[in-house]
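*Asks:* First the structure, which I've put down as structure tokens, then a few questions once you've had a look.
Quick note: the coordinates plus some simple rules give every number you see, no bench work behind them. Keep in mind that this is a model prediction, so the values were computed, not measured. Quick reminder, even Gly has a Cβ in these numbers, built from the backbone with ideal geometry, and neighbours come from all protein chains shown.
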Amino acid sequence: MAEAPKAAAHLQRLNNRYSVPLGGMKTSAPTTGATHAWIGLGANLGERTAALRQAVQALAALPGTCVLRTSSLYRSAPVDAGGPDYLNAVAEIATTLDAHALLAALQAIEQAAGRERPYRNAPRTLDLDLLLYGNQCIATSQLTVPHPRMHERAFVLLPLAELAPEQVSPEALQAVSGQTIALHDGPAWLSAT
Ligand code: A4P
Ligand code: MG
């Protein structure tokens, strides 16, 4: 495993403004009524990178939705769970879907990737979490936004801070700086063959 970067040192090195070549995908924002949202992607079963790549393509194919940017790819041991190491990333999208329709679409993409739910936090071929939906706070029986556990997790905060540093305070990064996490691949992971 590559050397685990300390959160602050790693983020200092990151250029927060790079944009990833998203070959063949919609990358221009819908013109009216679009909301920026940040999606957490994770996988720890099967061909993890391929599954995350296909998930980004599936996000870009959703109605009224485009993928604006994707983060680097991070590797870490399961938190509060067992099984193989996870790969995690975050995607920033602009979408005209409302938050509940977006959640349903995320779950459909998970299902298409062979996601099974034998027990809580079970290993999975694909997990898509809605981290942030604009600046909205949502609390329904199906959906909590911001995602309730995102601030406890380096595997969410590090990739999110690449794309949206204003959404991740230095204190939040400091709080997860003891978690072991490795940079698995830079932002070009999406377009690499
Ligand atoms: N739900 C409510 N709010 C949301 C939201 N903002 N985004 C509901 C997505 N779903 C949301 O999710 C269970 C229910 O949460 C859904 O029915 C939805 O209505 P799920 O995807 O079926 O199950 P889950 O992913 O196991 O649950 P959860 O609560 O999302 O798990 P976590 O907290 O995401 O933890 N370790 C590493 N290193 N990397 C990981 O990615 N992931 C987990 C899962 C544990 N450990 C990990 C990782
Ligand atoms: Mg989930």
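*Asks:* Need one word for segment 82-193: rounded, prolate or oblate. Basis is the Cα gyration tensor (sqrt eigenvalues a ≥ b ≥ c); a/c below 1.5 gives rounded, then a/b vs b/c decides. Provide the component values of the computation, followed by the final result.
*Replies:* Numbers: a/c = 1.34, a/b = 1.09, b/c = 1.23.
It is rounded, given that a/c, with a ≥ b ≥ c, falls under 1.5.
*Asks:* What is the sum of charges around GLY134, taking Lys and Arg as +1, Asp and Glu as -1, for the other residues whose C-beta is under 15 Å from the C-beta of GLY134?
*Replies:* On the way: positive: none; negative: GLU92, ASP98, GLU166.
Summing Lys and Arg as +1 and Asp and Glu as -1 gives -3.
*Asks:* How about segment 88-193: which chymotrypsin sites (Phe, Trp or Tyr not before Pro) there are in a DSSP loop, with at most 10 other Cβ atoms within 10 Å of their Cβ?
*Replies:* Values: sites: TYR119, TYR133, PHE155, TRP189; in loops: TYR119.
When the chymotrypsin sites (Phe, Trp or Tyr not before Pro) of segment 88-193 are filtered for loop state and at most 10 Cβ neighbours within 10 Å, TYR119 remain.
*Asks:* Moving on. Residues with beta-carbon under 11 Å from that of ALA192, excluding ALA192: net charge, scoring Lys, Arg +1 and Asp, Glu -1?
*Replies:* Values: positive: ARG53; negative: ASP185.
Cβ neighbours under 11 Å give a net charge of 0.
*Asks:* Then there is this: Can you tell me the length gained on complete extension of the stretch ALA192 to ALA122, counting 0.36 nm per residue apart and subtracting the Cα distance? Spell out each step's value before the answer.
*Replies:* On the way: separation 70, 0.36 × 70 = 25.20 nm, distance 2.86 nm.
22.3 nm is the gain from fully extending ALA192 to ALA122.
*Asks:* While we're looking at this one, here's another question. If you stretched the chain out fully between THR32 and CYS137, how much longer would it get, using 0.36 nm times the residue separation minus the C-alpha to C-alpha distance?
*Replies:* Values: separation 105, 0.36 × 105 = 37.80 nm, distance 2.14 nm.
Taking 0.36 nm per residue and subtracting the Cα distance, the gain is 35.7 nm.
*Asks:* So, one more: Would you mind counting up the charge near PHE155? Only other residues with Cβ under 12 Å from its Cβ, with Lys and Arg at +1 and Asp and Glu at -1.
*Replies:* Working: positive: ARG75, ARG149, ARG153; negative: ASP80, ASP85, ASP127, ASP129, GLU152.
Net charge in that neighbourhood comes out at -2.
*Asks:* Can you work out the Karplus-derived ³J(HN,Hα) for every residue in segment 146-154? Use 6.51 cos²θ - 1.76 cosθ + 1.60 with θ = phi - 60°, whole Hz, and x for glycine or proline.
*Replies:* x, 4, x, 10, 4, 7, 8, 10, 4
*Asks:* Which of the GluC sites (Glu not before Pro) found in segment 76-164 are loop residues per DSSP with 15 or fewer other Cβ atoms within 10 Å of their Cβ?
*Replies:* Numbers: sites: GLU92, GLU110, GLU116, GLU152, GLU162; in loops: GLU116.
In loop regions of segment 76-164 (DSSP not H, G, I, E or B), the sparsely surrounded GluC sites (Glu not before Pro) are GLU116.
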